[in-house]
1. On the accessible surface of the stretch 135-260, probed at 1.4 Å, how many percent belong to carbon and sulfur atoms?
2. Pop out the carbon and sulfur fraction of the accessible area of the stretch 58-111 as a percent, whole number, probe 1.4 Å.
3. Could you give the length gained on full extension between Lys217 and Glu281, defined as 0.36 nm per residue of separation minus the Cα-Cα distance, in nm?
4. Would you calculate the convex hull of the Cα atoms in the stretch 59-102 and tell me its volume per residue in Å³?
5. Can you work out the accessible area per residue across the stretch 54-109, with the rest of the protein chains kept in place, probe 1.4 Å, in square angstrom?
6. Roughly what would the spin-label model give for Thr99 and Arg252, points 7 Å off Cα along C-beta, in nm?
7. Report the Stokes-Einstein translational diffusion coefficient (µm² s⁻¹, integer) for the stretch 112-244, Rh taken as the Kirkwood radius over Cα pairs, at 37 °C with viscosity 0.692 mPa s.
8. With no solvent and one point per C-alpha, what does the Debye sum give as log10 I(q)/I(0) for the stretch 239-284 at q = 0.15, 0.19 Å⁻¹?
Amino acid sequence: MLNKKKINIFALFILFFIGFSQAGFALTDTLGNSLNTYISKFPAKTNVYIYLESTNNKTVFKKNENKILSAASIIKIPVMIEVMEQVKEKKFKLLDKITLSEKDKVSGSGVLKSNKSGLKLTIYRLVYLMITESDNTATNMLINKVGMQAINIRMQKLGLTKTFLQLLIMDFKAASQGKDNYTSAYETAILLKKIYNNQIATPDLCQIMINILKKTKNNKAILKFLPSVPVAHKTGSLYNIYGDTGIIYTERPFILSIFVQGQTIEKSEKIIGDIAKISFEYLK
């Protein structure tokens, strides 16, 4: 009799486990169906590249995630990572200073282009401006500090094959020769995942990166329709492509990397915002 009771309890446990697992897959399938339905309504000229993964390593949704794309300002995440790796290697400290020169200044986003030459800025401040303001001058100063080749080698060591730099920001001469900076939705998400899991530099430096990413000022895409939740992210736009990649800190945090090609910035922001909201509703 006792054995029969044990068998019945075990059977109930198995049924519960199967039901729970099926419910989990149903959630993922439903999210996938919702996202595919939303994406299917886009005009033919619109291309969307997505990689979404919960931080417990379960892939939830992906579409065209391995396509090599122009990284725009999202390439600033690899630059930040290399800075932190070289800080770990004690090549310099975050509080070391670099002097702004006239030749450092480039057009586009950021405030440093308007500052007087001779201004001394800590490396931390340059990283902060590069991410939160997407400052192009700060970015180039950091690339020159750590070395473009060092950044590319670091990406290779991290197992990435589609993320690499070929030019400084706003280098129109190099751009006219067909050079660009590249990444993919998958690889940008992987970089954030490595930061989240303290797999880059040191845990303290990873936390510094997270804190800076949370202060990104452009909140018109992933954060567009979300409630007040912390998001550590970076946006980027160039030509006809717009991207936003971030860690969304719900009770079950997830990483979402999206690029939209073939739309205006405003429509791209709305598309990314809609996809983030759909994902949030299923994964919060």
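The values are calculated or read from the model by the stated rules, or taken from the named source; none is laboratory data. In this text, all values refer to a predicted model and were calculated from it rather than measured experimentally. Positions of Cβ are backbone-derived with ideal geometry, glycine not excepted, and every protein chain shown enters the neighbour counts. SASA here: full protein model, heavy atoms, side chains in, ligands and nucleic acids out. Shrake-Rupley method; radii C 1.70, N 1.55, O 1.52, S 1.80 Å.
1. On the way: 2540 of 5180 Å².
Carbon-and-sulfur percentage of accessible area, whole number: 49.
2. Result for the stretch 58-111: 51 percent of the exposed heavy-atom area is carbon or sulfur.
3. Gain on stretching Lys217 to Glu281: 20.7 nm.
4. In the stretch 59-102, the Cα hull volume divided by residue count equals 147 Å³.
5. 50 Å²
6. 5.5 nm
7. In µm²/s, the coefficient is 203.
8. Per q value, in the given order, log10 I(q)/I(0) is -0.38, -0.57.
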